[in-house]
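K.L.:
One structure is given below, represented as structure tokens, and several questions about it will come after.
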Amino acid sequence: MKVHYSYNKKNLTLSVILLIIIIMGLISSDAYSQAQFDALDYPFEMKEAKLSGNKTMAYADLGDGEPILFIHGLASYAPAWKYNINELSKSYRCIAVDLMGYGKSSKGKYNADLSFHAQFLFELMEQLDIASFHIAGHSMGGQIALKMAIKHPEKVKSLMLMAPAGIETFSEQEKEIFKNSTTAESIAQVSDEQYRINLSLNFYEMDERAEFMYSDRMKIKSDGQFMDYCHVVATGVMGMLNEPVFEQLGEIKQPTLICYGQEDRLIPNTYLHKNSNTELIGKTAEEEIPNSQLEMIPQAGHFVHFDQPNRVNEIMKNFLKNN
């Protein structure tokens, strides 16, 4: 038995319109998926680099001279360096990135460990035709910088580490505590009030200069790819634990500047390592890295370069001048 379907012109037109609406809806959904991240107001122009895996890395490229790659920390982004880049770009070429999965860069459920981030950073610098460069890294970005210096020492001229992770070490039992408590879901479910408290712990004293970090978090939490961002943050924590660099610090031959804030409330971990303190961590770094110097910065917390930008900028400029 044959079944006959008949469409009149009106039905066909309605079907086409419906199909267009569905397609436009899909396009709008995809376009909106990172709309809140892309709409964030940055203090400098961000460019885009198409890298492997069809991923896009957002970066600022300011100033001329010796190139410095700025790598932000966990759950941070390029604007965290704004008070340093404003000054250093007067004499140096400053390249500040949003790591993959952060800010205006591509999002996805990436296995974003240190090697993952290092790979795309090397790709970016190669695309920019920069054969060798200095690195400024904060917290997790400092540990990424250490890994990059170990992996390709010929490409890294010097290191400027701001409250670097990777110096404080953790036992297998302690790693399990992090693993069980740090998930994309737990990061996403932090209340606005608790997020402000958590953010304030990064600073000696959180003032209006840092308010944009809180405001930006309030904006991105409604983004379609916010959970992908939270996943990258969670895998970043495990990446720092699963790719330790401490045993390789003696291999680092590059001149290295180490800065910690004297009032850092995140390094060392106050819950797991109550008998340690930030200065002990800093001195350990200075002892383990052969050609290094330690600067303990008063009235500064974990965001040492943000709390005391003038002091840190002068230290960085003197370090670069001498190296």
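K.L.:
Of the residues M148, M213, M227, M218, only one is part of a helix (DSSP H, G or I), touching a residue at least 12 places away in the same chain (Cβ under 8 Å) and in contact with a Phe, Trp or Tyr (Cβ under 8 Å, 6 or more places away or on another chain); which?
P.N.:
M148 is the lone residue from the list that is part of a helix (DSSP H, G or I), touching a residue at least 12 places away in the same chain (Cβ under 8 Å) and in contact with a Phe, Trp or Tyr (Cβ under 8 Å, 6 or more places away or on another chain).
K.L.:
Can I ask one more? May I ask you to verify whether G53 is out of contact with any Ser or Thr (no Cβ under 8 Å at 6 or more places or on another chain), closer than 24 Å to G236 by Cα, of a type in the set (G, A, S) and touching a residue at least 24 places away in the same chain (Cβ under 8 Å)?
P.N.:
no
K.L.:
With the structure loaded, tell me whether E176 is without any contact (Cβ under 8 Å) to a residue 12 or more places away in the chain, of a type outside the set (F, W, Y), surrounded by fewer than 15 Cβ atoms within 10 Å (Cβ to Cβ) and under 22 Å from P268 (Cβ atoms) or whether it fails that test.
P.N.:
In short, yes.
K.L.:
Is there a residue being closer than 30 Å to S115 by Cβ and within 19 Å of the chain's Cα centre (by Cα) anywhere in the range 285-299?
P.N.:
No, the range 285-299 contains no residue that is closer than 30 Å to S115 by Cβ and within 19 Å of the chain's Cα centre (by Cα).
K.L.:
Taking only the range 262-280 into account, find how many residues are free of Cβ contacts under 8 Å to residues at least 40 places away in the same chain and assigned to a loop (DSSP other than H, G, I, E, B).
P.N.:
Going through the range 262-280 one residue at a time, the tally reaches 6.
K.L.:
Test S171 against the stated conditions and say whether it is within 29 Å of E48 (Cβ to Cβ) and hydroxyl-bearing (S, T, Y).
P.N.:
It is false that S171 is within 29 Å of E48 (Cβ to Cβ) and hydroxyl-bearing (S, T, Y).
K.L.:
Just checking, which of F246, F319, F306 is among the aromatic types (F, W, Y), surrounded by fewer than 21 Cβ atoms within 10 Å (Cβ to Cβ) and farther than 22 Å from F170 by Cβ?
P.N.:
Step by step, each of F246, F319, F306 is checked, and only F319 is among the aromatic types (F, W, Y), surrounded by fewer than 21 Cβ atoms within 10 Å (Cβ to Cβ) and farther than 22 Å from F170 by Cβ.
K.L.:
Are there any pairs with C-beta distances below 8 angstrom linking a residue in the range 85-97 that is within 15 Å of Y59 (Cβ to Cβ) to a residue that is among the hydroxyl-bearing types (S, T, Y), with the two at least 6 apart or on different chains, and if so which?
P.N.:
I95/Y59; A96/Y59; V97/Y59; V97/S105
K.L.:
Of (1) over 26 Å from E172 (Cα atoms); (2) crowded, with 21+ Cβ neighbours inside 10 Å; (3) small (G, A, S), S200 satisfies all except one. Which?
P.N.:
(2)
K.L.:
Suppose we filter E247, E193 for residues that are charged (D, E, K, R) and under 30 Å from P153 (Cβ atoms); which single one remains?
P.N.:
E247
K.L.:
Every residue in the range 240-261 that is under 17 Å from M140 (Cβ atoms) and of a type in the set (D, E, K, R), please.
P.N.:
The answer is E243, and nothing else.
K.L.:
Taking the conditions exactly as written (surrounded by 12 or more Cβ atoms within 10 Å (Cβ to Cβ) and either outside any helix (DSSP H, G or I) or over 17 Å from the mean Cα position of the chain (by Cα) (or both)), does F170 satisfy them or not?
P.N.:
Yes: the conditions hold for F170.
K.L.:
Any idea how many residues of the range 120-142 are touching a Ser or Thr at 6+ places or on another chain (Cβ under 7 Å), crowded, with 23+ Cβ neighbours inside 10 Å and part of a helix (DSSP H, G or I)?
P.N.:
The qualifying residues number 0.
K.L.:
May I ask you to verify whether L99 is closer than 24 Å to M296 by Cβ and either at pLDDT 95 or above or surrounded by fewer than 20 Cβ atoms within 10 Å (Cβ to Cβ) (or both)?
P.N.:
no
K.L.:
Pairs please, first residue from the range 183-203 and closer than 15 Å to F226 by Cβ, second anywhere and of a type in the set (D, E), Cβ atoms under 9 Å, 6+ apart in sequence or on different chains.
P.N.:
Partner pairs satisfying both residue conditions: A184/D228.
Matching residues to (1) part of a helix (DSSP H, G or I); (2) among the β-branched types (V, I, T); (3) at pLDDT below 95:
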site: S105; (1), (2), (3): no, no, no
site: A118; (1), (2), (3): yes, no, no
site: I144; (1), (2), (3): yes, yes, no
site: I177; (1), (2), (3): yes, yes, yes
site: N198; (1), (2), (3): yes, no, no
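The values are calculated or read from the model by the stated rules, or taken from the named source; none is laboratory data. Computed from a predicted model, the values in this text were never measured in an experiment. Cβ: placed from backbone, ideal geometry, glycine included. Neighbour counts: every protein chain shown.
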